[in-house]
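Student: Dumping the structure here so I can ask a few things about it.
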Amino acid sequence: MIRLDKVSFSIETSAGAVQVLRDIDLQFPDGSITAIVGPNGSGKSTLARLISGLLCPSSGVVALVDEGTASPPGRRVCPGVDVGLVFQNPDNQLVATTVEDDIAFGLENLSLSHAEMVNRVDDALDMLGLREFRAYPPHRLSGGQKQKVAIAGVLAMKPAFLVLDEATSLLDPSNRQEVMRAVFDLNRELGIGVIVVTHLLDEVLGTSRMVVLAGGIVIASGEPRDVFAAEDSVRCGGLVPPLSARASRLMQLRWPDFPLCLDVDEFVEAACLLS
Amino acid sequence: MSFSQGFVLGQHYPGSSPVHRSSALVKLIATIIVMVTIFVAVNTSEYLPVALFLLSGIMVSRIPARFFLRGIKPILFLIVLTVAVQILFTPGDSIWRFGVVRVTSQGLVLAAFITCRLVLLTLASVLLTASTSPIELTDAISDLLKPFRYIGLPSAEIALVMSIAMRFVPTILEETERIIRAQVSRGARIGEGGLVARMRSFIPILVPLFVSSFRRADDLAIAMEARGFRVNQPRTRYHLRGFHAVDLVILVFSLVTLGAAVLLRVWR
């Protein structure tokens, strides 16, 4: 489990220190799927980098602890090995000239044996359905395929957690769905913990927990349905709830028992029952 | 217009021929030997063994001849210019005269010699890069530079930088095309007018290109760190190449080429 205790982060600018995150207390259990949402500038990406071990907090502790342990110390998060981070723009994170070489890049950094690397590259290609593209140069792939290569490169390192830092925000809706489906499949099949950092609330729907960040602090946390039920906290974060949730709210004005629906299918089903 | 089309030099032509399968390090060493032979030659006849060696390599590689011809195309202007300069300005026995213009037999010989030199150099480079993937080539350069580690040269890092540079060539070209289209759609006139105006018209392309490239480099550095990369950290290799019979053949034939060129000079 990744545990954040009283984590704050500030950066020095010419105008003085700017507090990016303040007193963040969060836990990410092994195998869980959590969404971190918030508007631009809320500190989501900084939080993702702190969780991944790429940044050290100005104060507080980010540690990997055994589940059930009351408090740190745990051990420090090792980037790539414990937590794999996938960034927004796939073009800026693919290093090698072919898909398989790119997947092998992280494994070369781990100084693994050749046989182990070959096995892991093959597994990662199969998991993301990229086997036919193994010899392709990255620039010949679609945006969704490139992002899958980035995820495969991270997965090959077998981290306990996968952090997607707005990894689908540059993709079209079908590519976005394809990537998210692949990630949720990985969570289900491998038990890998997933942390989705996004400002697209539709991506929250497949997660079991949601954290709303605004102005560097956590303003709401819990199951997506509970967080959306307390709509003020979402709006406070400068975010607009999904269309079906907003429509449910309107329905509740007329039919108070109408459930809060988070996706269209759920809404249609509830509306049919109503009629 | 696409910037990414038409440049053959540096492009990999995938295949499974013995030349493709041979060690990149051996091919790199053989290319260096061939280039040394080309540069130390003093007359056209010494290029005969080099031409034979390269033609054999091209035939065995099963890479189409048109691929090599496309490789020579970009240097045609350089060849024509060099030939013109040699023909017109080399002193010697005049074979044709028109006013102040004088063509000498020595000029023609020198022009043929330089043309052979440029064509053979290009063919050697294209054969190396076409039959070797960029990652194999950078690994080979890293191996070649390895002895210099002891004097502080970061050979592995240099190879990685080269590999990343090659990886980003198409991306930067696409970015350039995108910026040009964006600026043209906003009324920019790229490459029009006099020399100064033409040079100035590239500023709105270069500035955003530099900014985005620096941003890309920053993002890439963080992404590499996120995947466990550290400078001076030992790394293993995904691609392993042993030393096979074909490597020995290439190495021996490249040395024979050098030897034959030397013998040809001695016999003259």
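Student: For residue A:154, only one of the following conditions fails: (1) modelled with pLDDT of 90 or more; (2) part of a helix (DSSP H, G or I); (3) more than 20 Å from residue B:222 (Cβ to Cβ). What is its number?
Tutor: (3)
Student: Moving to a separate point now. Going by the conditions given, is residue A:104 crowded, with 16+ Cβ neighbours inside 10 Å and touching a strand residue (DSSP E or B) at 6+ places or on another chain (Cβ under 8 Å)?
Tutor: no
Quick grid of which residues meet (1) facing chain B (nearest Cβ under 9 Å); (2) part of a helix (DSSP H, G or I):
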site: A:88; (1), (2): yes, no
site: A:104; (1), (2): yes, yes
site: A:107; (1), (2): yes, yes
site: A:119; (1), (2): no, yes
site: A:147; (1), (2): no, yes
site: A:164; (1), (2): no, no
site: A:169; (1), (2): no, no
site: A:174; (1), (2): no, yes
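Student: Please work out if residue B:175 is over 30 Å from residue B:25 (Cβ atoms), in a helix (DSSP H, G or I), within 11 Å of another protein chain (Cβ to nearest Cβ) and out of contact with any strand residue (DSSP E or B) (no Cβ under 8 Å at 6 or more places or on another chain).
Tutor: The answer is yes for residue B:175.
Student: List every residue pair whose Cβ atoms sit under 6 Å apart, with the two residues 6 or more apart in sequence or on different chains, where the first one lies in the range A:240-265 and is free of Cβ contacts under 8 Å to residues at least 12 places away in the same chain and the second, anywhere, is not in a helix (DSSP H, G or I).
Tutor: Going by the 6 Å Cβ cut-off, the qualifying pairs are A:252/A:258.
Student: What tally of residues in the range B:72-104 results from selecting those that are at pLDDT 85 or above and of a type in the set (Gly, Ala, Ser)?
Tutor: Counting residues in the range B:72-104 that are at pLDDT 85 or above and of a type in the set (Gly, Ala, Ser) gives 1.
Student: I'd like to verify a number: residues in the range B:219-247 that are aliphatic (A, V, I, L, M) and exposed (fewer than 13 other Cβ atoms within 10 Å of the Cβ), how many?
Tutor: 4
Student: Any chance you could count how many residues in the range A:115-156 are over 27 Å from residue A:172 (Cβ atoms) and open to solvent by less than 30 Å² (accessible area, probe 1.4 Å)?
Tutor: Number of matching residues: 2.
Student: So residue A:112 clears everything in (1) within 9 Å of chain B (Cβ to nearest Cβ); (2) open to solvent by 50 Å² or more (accessible area, probe 1.4 Å) except one condition, right? Which one?
Tutor: Of (1) within 9 Å of chain B (Cβ to nearest Cβ); (2) open to solvent by 50 Å² or more (accessible area, probe 1.4 Å), only one is false for residue A:112: (2).
Student: In the range B:3-19, is there at least one residue being at pLDDT 90 or above and of a type in the set (A, V, I, L, M, F, W, C)?
Tutor: Checked against the condition, which is being at pLDDT 90 or above and of a type in the set (A, V, I, L, M, F, W, C), the range B:3-19 yields at least one hit.
Student: Kindly list, by first and then second residue, each pair from a residue in the range B:157-172 that is closer than 16 Å to residue B:221 by Cα and open to solvent by 20 Å² or more (accessible area, probe 1.4 Å) to a residue that is part of a helix (DSSP H, G or I) and polar (S, T, N, Q), limited to pairs with Cβ atoms under 6 Å and residues at least 6 apart or on different chains.
Tutor: Filtered contacts from the range B:157-172: B:162/B:138.
Student: Looking at (1) in contact with a helix residue (DSSP H, G or I) (Cβ under 6 Å, 6 or more places away or on another chain); (2) among the aromatic types (Phe, Trp, Tyr); (3) not assigned by TED's automatic domain parsing to the domain that holds residue B:34, which one does residue B:202 not meet, given that it meets all the others?
Tutor: Single failed check for residue B:202: (1).
Student: Out of curiosity, is residue A:165 surrounded by fewer than 17 Cβ atoms within 10 Å (Cβ to Cβ) and charged (D, E, K, R)?
Tutor: For residue A:165, the condition - surrounded by fewer than 17 Cβ atoms within 10 Å (Cβ to Cβ) and charged (D, E, K, R) - is not met.
Student: Residue check: is residue A:160 more than 10 Å from chain B (Cβ to nearest Cβ), out of contact with any Pro (no Cβ under 6 Å at 6 or more places or on another chain), at negative phi and at pLDDT below 95?
Tutor: Yes.
Student: Which ones in the range A:171-230 are of a type in the set (Gly, Ala, Ser) and on the phi < 0 side of the Ramachandran plot?
Tutor: Within the range A:171-230, A:174, A:182, A:193, A:206, A:208, A:214, A:220, A:221, A:229, A:230 meet the criteria.
The values are calculated or read from the model by the stated rules, or taken from the named source; none is laboratory data. Quick caveat: nothing in here was measured; it's all calculated off a predicted structure. Note: ideal-geometry Cβ built from the backbone for every residue, glycine included; neighbour counts use all protein chains shown. Ligands, DNA and RNA are stripped out before the accessible areas are found, and what is left, the full protein with its side chains, is counted by its heavy atoms. Shrake-Rupley method; radii C 1.70, N 1.55, O 1.52, S 1.80 Å.
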